[in-house]
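We did not get these values from a lab; they are worked out from the coordinates using the rules stated. Model, not experiment: these values are computed from the prediction. Cβ: placed from backbone, ideal geometry, glycine included. Neighbour counts: every protein chain shown.
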Amino acid sequence: MKKVYINSVCAITPQKTFDNTQFLEELIEYDANVINVVNPVYKDFIPPAAARRMAKGIKMGVVASKLALKESGLENVDAIITGTGMGCVRDSEKFVSAIIDNDEQFLTPTAFIQSTHNTVGGQIALELGCKGYNFTYVHSGISFESALLDAKMQLELDEAKAILVGGVDELGDHTVAIHKLVNHIKSENINSNALLESKTQGCVFGEGAGFFVLKNEKQESSYAEVVALNTYNTLDEESVNEEAIRFLEENNIEASSIDAIILGNNGDVNFDGYYNKLTSKTFKDIQQIYYKHISGEFNTASSFGLWLGARIIKSQILPEAVKLNITETSKFKTILLYNQYRGKNHSFTILKQC
Amino acid sequence: MDALKLELKENIIEQLNLEDMTADDIANDDILFGDGLGLDSIDALELIVMLDKNYGIKLADPKEGRAIFESIDTMAAYIAENRSK
Amino acid sequence: MSKGVAITGMGIISAIGNNVAENYQSLIDGKKGITRVEKIDTIHKDVIMVGEIDITNEAFEKKLGLAKDNNYSRTAFLGAVAAKQAIADAGITNINKYKTGLISATSVGGMDRTETHYYNYLTEAEPRKYIDGHHAGDSSQKIAEQLGIEKSLVTTISTACSSAANAIMFGARLIKSGQLDRVVVGGTDCMSKFTINGFKTLMILSDTYNTPFDENRKGLNLGEAAAFLVLESDAVVKAENKTVLAYVKGYANANDAHHQTASSDHGDGATLAMEKALKVAGLEPKDIDYINAHGTATGNNDLSEGRAIIRVFGDNVPDFSSTKAYTGHTLAAAGGIEAVYSVLALQNNIIYPNLNFKTQMKEFNITPQLTLKEKHLDVIMSNSFGFGGNCSTVIFSKEA
């Protein structure tokens, strides 16, 4: 079986992360319960004729994929695999409201077409002229991990040599409004730095895109090896720590060899307990890292977690802003990632220096 | 007729999201699809809805649109002849 | 030659039957499930026809024994019913005895509830339970719960109308690579105003019965359905002494990279998908005994697919037909229900007729199979194509 490497990365998030010459040195501090991405200049990457019908999610996905491809030094890939929890939700909102408001009359196709979940993956294929395998996973908090798993399997078996993998989700007004009503979004604004002290229900919603070129050959620019990945539809809080250990054992990794753990804490008092189980037991004394206070929560936010892990391993730099505890750790060889959303759809990922 | 043509240009720019264009950029005899303005089959469907909504003209078959949407001139002529509002 | 992945159970609910046996009976009787729309209040009801399932949401609720405060979408109801049948058919009583996953597919997800309550959410508390049921993964989570799948790989694929074919493909690869011992694969999509109006804007809905591969075809009829297969590893088949219904022998996905919704004129993506699937199966075009075509009866699909079939098979195009005239186009579920139909065809050595065909298409000279045909079948190819240029082919075989 071949090994799988992350050879390039690009993240568009509510921070200025799409420029890889920077690494979270300048942060935008938010006092909000919904945060939008820092937009790259989309026109620099997408011809106007193609851009005019593109939803924001498509633009984010296309630009992130172009930047990731550029960094990898490739013109094209063998496969494009994306994950999205909600797809281009603004267009879905637009089409549903138009159906209701106009009593099913005078509807136009563009919003409907862009509501199709694989529209981002399809548009990237169109932009690149990529006729290869093109899949889209749509499973809440593991949408991105499903795509990553698929890519990893193909690369390990050498069914493909280079795969573009990405996660993307955009914010929509109606979606935000109704998620506030059911307390999935915090009712109060919260400062980025105080997210985990909030002790209230719900989280801060964000949006973004994280794209990666994965190959089964190491190159000079490679960031890290994706050693293992598991997803779970259910997992109870009491067994998270046990499952983490089992997962490491399955992959012949000692818990003591983990240098850092990247956690998906989003400040929801009802569900951060899952993370606390890990940070209070086996991973109590190692470097703990979090990121949703600067990216917000979205179904594919964990793609930003992977971006963070890959960049830490390659640069051996741990940005101040993402430290959850203070340790003396200076070497980052093996990093474990754990994420879940609302107590469901859990994932463990292991990254290793290569 | 000129007013109708200007109206059409403005509506096309807005409806089809031709961001960087103004009505002056579209000549009455410019070819709208393919190599001309670059419109495609999805735009044709958008224009069919525009005919229905603004002028009360219903096209049952998208193929009928090809000749009608050739240019602003052909569109205006067809609308002038067939409009019910 | 690569070895196939065993299919040990299947379940289905569609406009032509509430289980596998009923579906098969309708297929051989030539009985269509296409009617005027009854369950959805749409202004288009007199100008479209659909393949609806004649069971109300309330009846599904009762059948599944759900509490009144459940937040199931119709997509989840259909999926749960079909997946449970598949598990029963495979004789599985202890689901977690082996490492079991679920790969489901949907395009509509909980849109039926969303479009009903969209503005009500803002003012009424009661319907808000459906907010969490909107996203596409929710129906899969519920199906997994219904099957008792825990702490395992459960995910959802949404690549428009090729979704379930892709779920079968991913599931087969998970078995082959040893990630799972057993996986339930398929798709589910209910009827919705959203899809009715969406396809209406594309002007590809027929106002009468859909007529695949007919010169005068007017477009598709939407349908609702769910279908699931149980795939098991050789080790499980051996240990449990399982009866194998058929094998997933080959598969491939390719992209047309041509247009957001339409297929390329000469079916580049479709051609690639069929060729790659044959390669994965280690088979030649001559080995295919029957093609269950995508055949949606839109002007664009049938021409593009027909041309692609000719590109792959040359002068020796095997018998082919589309079963969309029976069920309507069931979107993300289509690849699942046509997988079940393919397995039934293999089991019974039967080719289904391509209903409603009258006039030969003028662009080529291949004609679908028009009557029920008995023929020894060893290998069947099933095509599913979707928006975003998504083209999938799955090959089913009698022998591993």
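Within region B:1-32, report the GluC sites (Glu not before Pro) that DSSP leaves as loop and that have at most 16 other Cβ atoms within 10 Å. Mind showing how you got there, number by number?
Numbers: sites: B:E7, B:E10, B:E14, B:E19; in loops: B:E19.
Filter output for region B:1-32: B:E19.
Among C:3-9, A:133-139, C:295-301, how do they line up by average Cβ neighbours within 10 Å per residue, starting with the highest? Walk me through the numbers on the way to the answer.
Working: C:3-9: 22.9, A:133-139: 30.1, C:295-301: 25.0.
Averaged packing, sorted descending, gives the order A:133-139, C:295-301, C:3-9.
With 10 angstrom as the radius, rank A:L164, B:L39 by how many other C-beta atoms surround their C-beta, starting from the fewest.
Values: A:L164 32, B:L39 19.
Neighbour counts put them in this order, fewest first: B:L39, A:L164.
Compute, for chain B, the length of the dipole vector about the Cα centre, with Cβ point charges of +1 (Lys, Arg) and -1 (Asp, Glu) only. Units Debye, rounded to 20. Spell out each step's value before the answer.
Working: 8 positive and 20 negative charges, 115 e Å.
That gives chain B a dipole magnitude of about 560 debye.
With a cut-off of 8 Å between alpha carbons and a minimum separation of six or more residues, what is the relative contact order of chain A in percent?
Details: 828 pairs, mean separation 87.6, N = 354.
In percent, rounded to a whole number, it is 25.
Could you give me the percent of Cα pairs per 5 Å distance bin for region C:5-239, shortest bin first, beginning at zero and ending with the bin that holds the maximum distance?
1, 7, 13, 17, 18, 16, 12, 8, 4, 2, 0, 0
By average Cβ neighbour count within 10 Å, what is the ranking of C:381-392, A:116-127 from highest down?
On the way: C:381-392: 30.0, A:116-127: 28.3.
By packing density, highest mean first, the sequence is C:381-392, A:116-127.
Show me the ranking of peptides A:68-77, C:134-143 by mean Cβ neighbours inside 10 Å, starting with the highest.
C:134-143, A:68-77
Please arrange B:M1, C:M169 by counting, for each residue, the other beta carbons lying within 10 Å of its beta carbon, fewest first. Display every interim value, and only then the final one.
Working: B:M1 11, C:M169 28.
If I rank by nearby Cβ atoms, fewest first, I get B:M1, C:M169.
Among the trypsin sites (Lys or Arg not before Pro) in region C:291-400, which ones are in a DSSP loop with at most 10 other Cβ atoms within 10 Å of the Cβ? Mind listing them?
Details: sites: C:R307, C:R311, C:K324, C:K358, C:K362, C:K373, C:K375, C:K398; in loops: C:K358, C:K362, C:K375, C:K398.
Hits after loop and neighbour filter: C:K358, C:K362.
Suppose a student asked you for the relative contact order of region A:225-352, using Cα pairs under 8 Å spaced at least 6 residues apart; what percent would you report?
41
Find the relative contact order for region A:5-215 and round it to a whole percent, using C-alpha pairs within less than 8 Å whose residues are 6+ positions apart.
Here the relative contact order equals 35 percent.
With 5 Å bins from zero, work out the P(r) of chain B over every alpha carbon pair and list the percent per bin.
Distribution as computed: 3, 15, 30, 30, 17, 5, 0 percent.
How about region A:268-334: which GluC sites (Glu not before Pro) there lie in a loop by DSSP and see at most 16 other Cβ atoms within 10 Å?
Values: sites: A:E297, A:E320, A:E328; in loops: A:E328.
Of the GluC sites (Glu not before Pro), the ones in loops of region A:268-334 whose Cβ has at most 16 other Cβ atoms within 10 Å are A:E328.
Looking only at other chains, what is the average number of their beta-carbon atoms within 10 angstrom of each beta-carbon in B:38-47? Don't skip to the end; give the middle numbers.
On the way: counts 5, 1, 5, 7, 11, 5, 2, 9, 5, 1.
The shielding value for this peptide is 5.
Report, in deg cm²/dmol and to the nearest 500, the calculated mean residue ellipticity at 222 nm for the protein assembly as shown, where each DSSP H run with n ≥ 4 adds -39500 (n - 2.57) and the sum is divided by the residue count.
Helix contribution divided over all residues of the protein assembly as shown: -10000 deg cm²/dmol.
Once R0 is set to 60 Å, what does the formula 1/(1 + (r/R0)^6) return for the Cβ-Cβ distance between C:L372 and B:A23, expressed as a FRET efficiency to the nearest 0.05?
Values: r = 60 Å, r/R0 = 1.00.
So, using R0 = 60 Å, E works out to roughly 0.50.
Computed over the Cα atoms of chain A, what is the convex hull's projected area averaged over all directions, in nm²? Don't jump to the answer; show the numbers that get you there.
Details: hull surface 68.5 nm².
That works out to 17.1 nm².
Any idea how far the Cα center of region A:238-257 sits from the one of region A:1-60, in Å?
Region A:238-257 and region A:1-60 have Cα centres spaced 33 Å from each other.
What average count of beta carbons from other chains do you get within 10 Å of the Cβ of residues in A:121-131? All intermediate terms of the calculation are to be shown ahead of the outcome.
Values: counts 6, 13, 3, 3, 9, 8, 1, 2, 3, 4, 11.
Counting Cβ atoms of other protein chains within 10 Å of each residue's Cβ and averaging gives 6.
Let's see if you can work this out: charge +1 on each Lys and Arg Cβ, -1 on each Asp and Glu Cβ, no other charges. What is the dipole magnitude of region A:225-352 about its Cα centre, in debye to the nearest 20? Please report the intermediate quantities before stating the final value.
Details: 13 positive and 16 negative charges, 85 e Å.
About 400 debye.
By Kyte-Doolittle mean hydropathy of at least -0.5 and Cα axial length of at least 18 Å, which whole DSSP H helices of chain A are selected? Spell out each step's value before the answer.
On the way: long enough: A:56-72 (24 Å, 0.26); A:143-156 (20 Å, 0.01); A:302-315 (19 Å, 0.62).
Counting only whole DSSP H runs, the qualifying helices are A:56-72, A:143-156, A:302-315.
Using a 10 Å cut-off on Cβ to Cβ distances, tally the other chain neighbours for every residue of A:195-205 and report the average as a whole number.
On the way: counts 0, 0, 0, 0, 0, 0, 0, 0, 0, 0, 0.
That works out to 0 on average.
What are the extents of the Cα atoms of region C:251-397 along their three principal axes, in Å, largest first?
Cα extents, longest axis first: 39, 36, 31 Å.
Please identify the longest segment of chain C free of exposed GluC sites (Glu not before Pro), where exposed means a DSSP state other than H, G, I, E or B and no more than 16 other Cβ atoms within 10 Å. Intermediate values should be presented prior to the final figure.
Values: sites that count: C:E38, C:E124, C:E150, C:E215, C:E240, C:E363, C:E399.
Between the exposed loop sites, the longest stretch runs C:241-362.
Could you state the principal axis extents of the C-alpha atoms in region A:234-351, from the largest down, to the nearest angstrom?
Projected onto the principal axes, the Cα atoms of region A:234-351 cover 33, 32, 22 Å.
Rounded to the nearest Å, what's the spacing between the alpha carbon centres of region B:17-85 and region C:142-195? Just the number, please.
Region B:17-85 and region C:142-195 have Cα centres separated by 43 Å.
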